[in-house]
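Inspection log for the structure reproduced underneath, given as structure tokens.
The values are calculated or read from the model by the stated rules, or taken from the named source; none is laboratory data. Note that the structure is a prediction, hence the values are computed from the model and not measured. FYI the Cβ positions are ideal-geometry reconstructions off the backbone, even for glycines, and counts take in every protein chain you see.
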């Protein structure tokens, strides 16, 4: 039951964040600002997938940290490229 | 499987970084290219893949409780949403072809077709893997045995979802 509740909450969070991302270019006029917001949302969504869907929260720490570092580092690199 | 997943993630990271660098060098071309994409199809595909991943997650929880038939049916649901993704993607490609847009149109569309088609191939491979583990679950092959095969298949599918989560804002929104 707990797994179902966690997965369902995570799915809702992911859907809502996807819809929010679509509206960034409309509600935020400055490109650099919505790039940062969209990439922060990528990190949050990635964390949900890694920890809840992939269940890596209870997996060996190495694999979780490796996946989490990917979803933090890649958007960070992309934002540096876009904002330079 | 984890090393395979990491290798795939690395290849896509190179694609994404390459896309961002090209965009910075051709801002106007990329802006015009993104305006020609069907944003709603990107949104539908994102929700389809997220929902598909959700079903795989529920399926994993079911197999942990030894509910193998339920797990197989949930995987069938996951494949249903993956089919929505594939249908929308193919429609999107043909819609662009009808406008005379191909992989040779410009740098934006070269990267767009390469990255999304490469991702689509991963979705297709993921569907084959889901079919394989669903069949094995339905036949009771995971009863009282190691679930590592099932877990590896599920992880692969979540990786496909994770990649789209990055791809979607990069190509359709930003």
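Please enumerate the residues belonging to the stretch B:154-164 that are over 16 Å from residue A:14 (Cβ atoms) and either at the interface with another protein chain (Cβ under 8 Å from one of its Cβ atoms) or crowded, with 24+ Cβ neighbours inside 10 Å (or both). Listed by number, the residues that qualify are B:154, B:155.
Does residue A:8 satisfy the criteria of being over 13 Å from the mean Cα position of the chain (by Cα), assigned to a helix (DSSP H, G or I) and modelled with pLDDT of 95 or more? So residue A:8 fits the description; yes. Contact map, the stretch B:90-114: residues that are at pLDDT 95 or above paired with residues that are surrounded by 17 or more Cβ atoms within 10 Å (Cβ to Cβ) and part of a loop (DSSP other than H, G, I, E, B), Cβ distance under 7 Å, separation 6+ or inter-chain. Pairs shown: B:109/B:101. When we screen A:49, A:77, A:36 for residues that are touching a helix residue (DSSP H, G or I) at 6+ places or on another chain (Cβ under 7 Å), closer than 21 Å to residue B:21 by Cβ and facing another protein chain (nearest Cβ under 7 Å), the only hit is A:77. Here residue B:87 meets each of (1) closer than 21 Å to residue B:121 by Cβ; (2) within 10 Å of chain A (Cβ to nearest Cβ); (3) under 15 Å from the mean Cα position of the chain (by Cα) with one exception, condition (2).
Among the residues of the stretch B:125-137, is there at least one that is surrounded by 15 or more Cβ atoms within 10 Å (Cβ to Cβ) and over 21 Å from residue B:49 (Cα atoms)?
Yes, some residue in the stretch B:125-137 is surrounded by 15 or more Cβ atoms within 10 Å (Cβ to Cβ) and over 21 Å from residue B:49 (Cα atoms).
Per-residue answers, yes or no, for (1) closer than 24 Å to residue B:156 by Cα; (2) facing another protein chain (nearest Cβ under 10 Å); (3) modelled with pLDDT of 95 or more; (4) out of contact with any strand residue (DSSP E or B) (no Cβ under 8 Å at 6 or more places or on another chain):
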site	(1), (2), (3), (4)
A:12	yes, yes, yes, yes
A:15	yes, yes, yes, yes
A:29	no, no, no, yes
A:57	yes, no, no, yes
A:61	yes, no, no, yes
A:66	yes, yes, no, yes
A:72	yes, no, yes, yes
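Hey, can you tell me all the residues within the stretch B:1-17 that are within 10 Å of another protein chain (Cβ to nearest Cβ) and either in contact (Cβ under 8 Å) with a residue 40 or more places away in the chain or over 30 Å from residue B:151 (Cα atoms) (or both)?
Initial filter on the stretch B:1-17 (within 10 Å of another protein chain (Cβ to nearest Cβ)): B:2, B:5-6, B:9-10, B:12-13, B:16-17.
Hits for the stretch B:1-17 are B:2, B:5, B:9, B:12, B:16.
Might you let me know whether the stretch A:55-68 holds any residue that is touching a residue at least 24 places away in the same chain (Cβ under 8 Å) and either touching a helix residue (DSSP H, G or I) at 6+ places or on another chain (Cβ under 7 Å) or closer than 25 Å to residue B:74 by Cβ (or both)? No, the stretch A:55-68 has no match at all. Screening the candidates B:72, B:68, B:61 for the property of being away from chain A (no Cβ under 12 Å) and modelled with pLDDT under 95 yields one hit, B:68.
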